Amino acid sequence: MAGSKILIVEDDQTLLEVLKYNLAREGYDVITAVDGAQALDAAELHRPDLVILDIMLPSLDGLEVCRILRKKGMTVPILMLTARTDEVDKLMGLELGADDYMTKPFSMRELLARVRAMLRRVEMAQREAASGHEAPPPIAVGDLEIDTGRHRVSLSGVPIALSPKEFELLSFLASNRGQVFSRDVLLDRVWGYEYVGDTRTVDVHIRWLRQKIETDPSNPTYLLTVRGVGYRFEG
């Protein structure tokens, strides 16, 4: 949505200027930082609606910046950029709370589409919260309780810390229990866009959810894999 504040954290000055120009042309209020320390200060000061965060940064790398932002309780959507082909970095970024990643070089059109989709979901959530509609009752399955109105998840009464995207994915599947969804459909319904290429991000989020809510993640009882199709929530 035009007027949203976007923080770009990128130490490559040329790419930084290209991103800033294109996002500003779309009507966004752009803030920039060139290293991890600046990024943390800018996030605290400006409270952006979205962060575009490069992994390779001086002082503090993007993974550490992401970890600190989430530790501070900031739920701002984070889109990570990486020039690395190492899958470990991408998975680590998702584990630390990033919502998505793009590998350089990338299409500016695709990046803008991702930005629009992420901001649109934030706007929808804010409208829903401000609408005054009565929150739906919590979803209780066994020892697991998912309070979609308060964005809280607990297991045997103990709160479970989830990243924003983990919560969205779990809530969507639990609200449609028994239904099987492909990775492409989940990306469309939870991430808000058609994902071009790799759909591994869904698998990663499912894996980390299992680590947090399943008694035995290798033998899940809530988040089940339907081989050759996708995933479903059972309960």
* To do: Convert each backbone phi in the stretch 101-112 into a coupling constant with the Karplus relation 6.51 cos²θ - 1.76 cosθ + 1.60 (shift: θ = phi - 60°), then list the ³J(HN,Hα) values in order as whole Hz, x for Gly and Pro.
  => 9, 10, 9, 6, x, 10, 7, 4, 4, 5, 4, 5
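For the stretch 1-68, just say rounded, prolate or oblate: build the C-alpha gyration tensor, square-root its eigenvalues into a ≥ b ≥ c, call rounded for a/c under 1.5, and beyond that prolate if a/b exceeds b/c, oblate if not. Don't skip to the answer; put the middle values down first.
On the way: a/c = 2.38, a/b = 1.40, b/c = 1.70.
It is oblate, given that a/c is not under 1.5 and a/b is not larger than b/c.
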* Structure fact -> Residues whose modelled amide H sits under 5 Å from the amide H of Met102, counting only those 5 or more places away in sequence or on another chain, are Met80, Leu81, Thr82
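Suppose every Lys and Arg Cβ carries +1 and every Asp and Glu Cβ carries -1, with no other charges. What dipole size does the chain come out with about its Cα centre, to the nearest 20 debye? Could the numbers behind the result be given before it?
Numbers: 29 positive and 36 negative charges, 102 e Å.
In debye, rounded to 20, the chain gives about 480.
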* To do: Using +1 at the Cβ of each Lys and Arg and -1 at the Cβ of each Asp and Glu in the stretch 1-112, identify which of Thr82, Leu40, Met92 lies farthest towards the dipole's positive end.
  => Leu40
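Can you tell me the relative contact order of the stretch 5-130? Whole percent, Cα pairs under 8 Å, sequence separation 6 or more.
Working: 183 pairs, mean separation 26.2, N = 126.
This gives 21 percent for the stretch 5-130.
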* Computed from these coordinates, which is Cα extents along the principal axes in Å: [x] 49, 39, 38; [y] 62, 41, 34; [z] 52, 42, 30? -> [z]
* Name the residue, out of Val122, Val202, Val190, whose mean-square fluctuation peaks in a Gaussian network model built on the chain with Cα pairs under 10 Å. => Val122
* **aspartates and glutamates with Cα under 14 Å of Lys72, excluding same-chain neighbours fewer than 8 positions away** => Asp41, Glu44, Glu64
* Structure fact -> The simple spin-label model distance between Val158 and Lys71, using points 7 Å out along Cα→Cβ, in nm, is 2.2
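Which of the peptides 217-228, 156-167, 110-121 is most tightly packed, and how do the rest follow, judged by the mean count of other Cβ atoms within 10 Å per residue?
Working: 217-228: 13.2, 156-167: 16.2, 110-121: 18.2.
Listed from highest to lowest mean packing, they are 110-121, 156-167, 217-228.
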* Let me have the 222 nm mean residue ellipticity of the chain computed from DSSP H runs of 4+ only, each contributing -39500 (n - 2.57), with the sum over all residues rounded to the nearest 500. => -12500 deg cm²/dmol
* Gain upon complete extension [Arg150, Arg120; 0.36 nm per residue less C-alpha separation] -> 8.8 nm
* **Karplus 3J(HN,Hα) series, Hz, for the stretch 66-80 with 6.51 cos²θ - 1.76 cosθ + 1.60 (x for Gly, Pro)** => 4, 4, 5, 4, 5, 5, 6, x, 7, 9, 3, x, 10, 10, 8
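Please give the contour-minus-distance gain from Val226 to Tyr21: 0.36 nm per residue of separation, less the Cα-Cα distance, rounded to one decimal in nm. If you can, show how the numbers build up before the last one.
Details: separation 205, 0.36 × 205 = 73.80 nm, distance 4.38 nm.
Result for the pair: 69.4 nm of gain on full extension.
Going by the alpha-carbon gyration tensor, a ≥ b ≥ c the square roots of its eigenvalues, is the stretch 1-117 rounded (a/c under 1.5) or, if a/c is not under 1.5, prolate (a/b greater than b/c) versus oblate?
Details: a/c = 1.40, a/b = 1.15, b/c = 1.22.
Rounded, since a/c falls under 1.5.
Contour minus end-to-end for Glu234 and Leu112, with contour as 0.36 nm per residue of separation and end-to-end as the Cα-Cα distance?
40.4 nm
If we count every other residue with Cβ under 10 angstrom of Val141's Cβ, Lys/Arg +1 and Asp/Glu -1, where does the sum land?
Taking every other residue near Val141 into account, the sum is -2.
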* **Peptides 101-109, 25-33, 169-177, 4-12 ordered by average Cβ neighbours within 10 Å, highest first** => 4-12, 169-177, 25-33, 101-109
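For the chain, give the share of DSSP beta bridges that are antiparallel, in percent and rounded to the nearest 5; count only bridges with both residues there. Before the final figure, lay out each step's value.
Values: 15 of 32 bridges.
Given both bridge residues lie in the chain, the antiparallel proportion sits at roughly 45 percent.
Coordinate-derived values only; no laboratory data. Just so we're clear, the structure is a prediction, and the values are computed from it rather than from any experiment. Methodologically, a virtual Cβ is constructed for each residue, glycine included, from the backbone with ideal geometry; neighbour enumeration extends over all protein chains shown.
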